[in-house]
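Participant: Next up is a structure, given as structure tokens.
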Amino acid sequence: MYTIEYEMQLPGEAAPWRQTLQSDEPSWAALANDGPTRVVLPPAIFTPASVVPDEVLATWDGEKVHLVEQPVSALDLMGALVVLFVVESPHTSEYREGFVPIGLLQDRSTRKRLRNHLAMHLAAMGVPAGATVVVSNPVQWQASLGSLRSRQRPGQIRTVMWNELFNAGWKANFQARVAEYGPKWILNACTAAVKAEVDAVLPPGVPVWAASHPSSKWFEKRLATRVR
């Protein structure tokens, strides 16, 4: 059994608070730094400054997707017709050293996949021309801890940490953000491990579709399907 200790401070909170997680996931062994079964995470990883905020991802003209190349805050929508594109939590490519955010979906192959294949999903969903696609992570911190693991695969660390953070405050935060954006369609592109948890907190009355994560080749091979 591994003990993981960390501090977290959600946006709007006055001060960080300490958390302890117990997990039998063997992948934690690679991060043990205070004895063979104890992991102490750096304080910079879960702070307001390390949040990667939601952004406008693209516009849709009914045929083509036009990716927004410079980050545009999702708070600047001004009543736009919104498609919410949900993608779990930030990846390593979305940070500079020291957990300094760059922006969402920075990986080149992921952006190429979105540029070439997001349109087929929007068409299948019946999204009309003129819609704006907003990308959102329910957990806006790096749940995979990829920046601490060099090239090692995440194992189940990402899922364990994502669920811990989601239930420790990000769930309510995400629901508030979704309510503020007022999407007309939602495309849930989280990985299978957390897709159901996200579906369960999406607003009733809004059509929800499911697709593979855009970092996966299946994003271009499997068309989005209606969940509700």
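Every number here is computed from the coordinates shown, using simple stated rules; none is lab data. Note that the structure is predicted; figures quoted are calculated from it, not measured. A quick note on method: Cβ atoms are made from the backbone with ideal geometry, for glycine too, and the neighbour counts reach across all protein chains shown.
Participant: Using the alpha carbon gyration tensor of segment 103-190, what are the three equivalent-ellipsoid semi-axes (square root of 5 times each eigenvalue), largest first, in whole Å?
Facilitator: 26, 19, 10
Participant: Sorted from largest down, give the three principal axis spans of the alpha carbons of segment 36-112, whole angstrom values.
Facilitator: 55, 28, 20
Participant: Cα-based Rg of the chain per 2.2 N^0.38 Å, rounded to two decimals?
Facilitator: Ratio of Cα Rg to 2.2 N^0.38 Å: 1.02.
Participant: Right, another one. May I ask you to list the lysines whose Cα is less than 16 Å away from that of Lys171, ignoring any residue fewer than eight positions away on the same chain?
Facilitator: Lys195
Participant: By counting other Cβ atoms within 10 Å of each Cβ, how are Met8, Met1 ranked from fewest to most?
Facilitator: Starting with the residue having the fewest Cβ neighbours, the order is Met1, Met8.
Participant: Among Ala211, Ile45, Val83, whose Cα lies farthest out toward the positive end of the dipole of the chain, if unit charges sit on the beta carbon of Lys, Arg (+1) and Asp, Glu (-1)?
Facilitator: Sorting the options by dipole projection puts first Ala211.
Participant: Using all alpha carbons of segment 157-228, what is the percent of pairwise distances in each 5 Å bin, ordered from the shortest bin to the longest?
Facilitator: 3, 15, 24, 24, 20, 11, 2
Participant: Enumerate the aspartates and glutamates that Lys64 could reach by cross-link, defined here as Cα to Cα under 20 Å, with residues fewer than 8 away along the same chain left out.
Facilitator: Glu55, Glu220
Participant: Test of the criteria: in segment 1-101, which trypsin sites (Lys or Arg not before Pro) are in a DSSP loop and have at most 15 other Cβ atoms within 10 angstrom of their Cβ?
Facilitator: Lys64
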